[in-house]
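Note sheet for the following structure.
The values are calculated or read from the model by the stated rules, or taken from the named source; none is laboratory data. Computed from a predicted structure; not experimentally measured. Every residue, glycine among them, receives a Cβ derived from its backbone with ideal geometry; neighbour counts consider all protein chains shown.
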Amino acid sequence: MIHVYVGPTLPASEPVLAVPGVRALPPARHGDFFDTAIGAGDTVVLIDGVYHQAPALRHKEILAVMGRGVVVVGAASIGALRAAELAPFGMVGVGPIFTAYLRGEITGDDEVAVGQAPDGSWDALTWPLVNLRHVLELAESAGVVDGERALGLLEALRAVYYPQRTWAAVRAVCRRQGETGFAHWLARRREEDRHFGDLKRADALAAVSAAVGGTAAAGRRDFEPLFWETPYFRRWSNAAARRHVGGLELATEDCLVYQQVFDPAFSERWTAYLEHRSRHGGDSEAGLSLAERLAGVTSGDLTADRVFHPPVNLHDEQTVALLLAGETRHDRQAVSRYASSLEQARRVRPGFSAEAVRDDLVRELLVQVWRCPESELDAQASARGLVCAAAAVQAAKRLVPGFLEEIKTKEEATHGGR
């Protein structure tokens, strides 16, 4: 399967995107490469990506998917820039824009950035510098401008902020620079060919064609992916994990946090997970029981949850099965409602985020749910795999809007029944 992340550079109607085996996707953003539909032996073609209106795709996400045996090709836009940066690690670049980045002839993100339509159609509304640079080179070859004038015009166009570099803005800059002849020449060329000078489009078509033709992997090089398994990467990976259960699509991390907060027996689940990791963790001491491992590092005055804090991989089926062993259908429905409440809060209160929930409010709720004095929050949090009270507060913030909405609904139902 070939997964193509593309937006303003190529329209969805482009015939090459309809070739059997090609999966056309919107511009890539943070988390997209964790898609379980992308498997070993597949090819990803990265052309466009968001970075202004949403978190951008991280380099380590690209490295990780390559480490799983996926060929990643970059071209035309952010794909060309990332391919130049990650070429030493096996990302494949295609086209003159990639080559210019690789050689250091161009360096900035603004070379390929465009303003996009806000209606979800991903149409480009502005001109990227790489296309303007290419058009000026064509104009110089045609004798329309000389080299010095072309350079001056390019610098004037570079000074226009990228989301404002519309065709009208290009014409205005040309008038201000005394280059109306160039503007008229370019307008005529565009009337004859609406794709005239569109270097990004040409590179994108070449990259998709290379992937479809099977030539994209030439020069690809493998590397050891474990080096990239950093705490940040694990956090991103877990945030992207999803479950499809009982007709619901749920964030696995939301399900886990719900159990950690509300399951009275979750400390037993966490101990079972620690036992599993102790025996099958893959380190040099794998095979030891949890008690044996604990005896080797403490005199018995600390419990295992206070000593061991192994990372959790929410893409591992056995890990998820262990940690969510006590989950019920009611729990999953609650997780879905809580996620909806959080999204509703974000919609009705612009700028709201779970992180903005007051810490003291969350601590009060945890004391209420765990039925313990505040002085025991650290111990309770640790036993549930949340390390400490402060970490538990941060994890539980996503649940607060849903929890408060649930309390409100119950109170209204009670009063209404009187």
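Filter the range 300-323 down to the residues that are part of a loop (DSSP other than H, G, I, E, B) and within 25 Å of the chain's Cα centre (by Cα), then identify the one that is surrounded by the most Cβ atoms within 10 Å (Cβ to Cβ). If you could, list the steps in order and put the result at the bottom.
Just the residues of the range 300-323 that are part of a loop (DSSP other than H, G, I, E, B), to begin with: 300-303, 308-316.
Right, trim to within 25 Å of the chain's Cα centre (by Cα) and you get 310-316.
Numbers: PRO310: 14, PRO311: 12, VAL312: 19, ASN313: 15, LEU314: 22, HIS315: 15, ASP316: 12.
Among them, the one singled out is LEU314.
Residues satisfying the criterion are absent from the range 262-274 (criterion: small (Gly, Ala, Ser), touching a helix residue (DSSP H, G or I) at 6+ places or on another chain (Cβ under 9 Å) and at pLDDT below 90).
When residues of the range 243-258 are filtered for being in contact with a Lys or Arg (Cβ under 7 Å, 6 or more places away or on another chain) and in contact (Cβ under 8 Å) with a residue 40 or more places away in the chain, how many remain? Spell out how you get there, then give the answer.
Quick first cut of the range 243-258, residues in contact with a Lys or Arg (Cβ under 7 Å, 6 or more places away or on another chain) only: 245-246, 248-252, 254-255, 257.
After this cut, where a residue has to be in contact (Cβ under 8 Å) with a residue 40 or more places away in the chain as well, the list is 245-246, 248, 250-252, 254-255, 257.
Of the residues in that region, 9 qualify.
Could you tell me whether any residue of the range 240-262 is hydrophobic (A, V, I, L, M, F, W, C), closer than 17 Å to GLY385 by Cα, more than 25 Å from the chain's Cα centre (by Cα) and in the same structural domain as ARG398 (by TED's automatic domain parsing)?
First pass over the range 240-262, keeping only residues hydrophobic (A, V, I, L, M, F, W, C): 240-241, 245, 248, 250-251, 255-257, 261-262.
This time we only want the ones that are closer than 17 Å to GLY385 by Cα, so: 255-257, 261-262.
After this cut, where a residue has to be more than 25 Å from the chain's Cα centre (by Cα) as well, the list is 261-262.
Those still in the list that are in the same structural domain as ARG398 (by TED's automatic domain parsing) too: 261-262.
Yes, there is a match, as at least one residue in the range 240-262 is hydrophobic (A, V, I, L, M, F, W, C), closer than 17 Å to GLY385 by Cα, more than 25 Å from the chain's Cα centre (by Cα) and in the same structural domain as ARG398 (by TED's automatic domain parsing).
Residue-by-condition table, conditions (1) of a type in the set (Val, Ile, Thr); (2) in a helix (DSSP H, G or I); (3) farther than 20 Å from LEU205 by Cα:
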position	(1), (2), (3)
ALA84	no, yes, no
GLY93	no, no, no
PHE98	no, yes, no
GLU105	no, no, yes
VAL130	yes, yes, no
ARG133	no, yes, no
GLU137	no, yes, yes
GLY152	no, yes, yes
VAL170	yes, yes, yes
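Pairs linking a residue in the range 72-99 that is closer than 18 Å to ILE2 by Cα to a residue that is basic (Lys, Arg) and surrounded by fewer than 24 Cβ atoms within 10 Å (Cβ to Cβ), with Cβ atoms under 7 Å and 6 or more positions apart or on different chains, are GLY90/ARG220; GLY90/ARG221; VAL92/ARG220.
VAL297: farther than 29 Å from ARG58 by Cβ and either in contact (Cβ under 8 Å) with a residue 12 or more places away in the chain or not assigned by TED's automatic domain parsing to the domain that holds VAL65 (or both), yes or no? When the stated conditions are applied, VAL297 passes them. Being touching a helix residue (DSSP H, G or I) at 6+ places or on another chain (Cβ under 9 Å), in a helix (DSSP H, G or I) and assigned by TED's automatic domain parsing to the domain that holds ILE47, is that true of even one residue in the range 111-123? Within the range 111-123 (the criterion being touching a helix residue (DSSP H, G or I) at 6+ places or on another chain (Cβ under 9 Å), in a helix (DSSP H, G or I) and assigned by TED's automatic domain parsing to the domain that holds ILE47), the answer is yes, since at least one residue qualifies.
Just give me the residues in the range 26-42 being buried (at least 21 other Cβ atoms within 10 Å of the Cβ) and either over 19 Å from THR9 (Cα atoms) or outside the structural domain of VAL72 (by TED's automatic domain parsing) (or both), in sequence order. Scanning the range 26-42 gives a single hit, PHE33. Residue check: is SER336 in contact with a Gly (Cβ under 8 Å, 6 or more places away or on another chain) and of a type in the set (Gly, Ala, Ser)? For SER336, the condition - in contact with a Gly (Cβ under 8 Å, 6 or more places away or on another chain) and of a type in the set (Gly, Ala, Ser) - is not met. If you filter the range 13-34 down to residues that are free of Cβ contacts under 8 Å to residues at least 60 places away in the same chain and in a loop (DSSP other than H, G, I, E, B), you find that the one that is nearest to the chain's Cα centre (by Cα) is ARG29.
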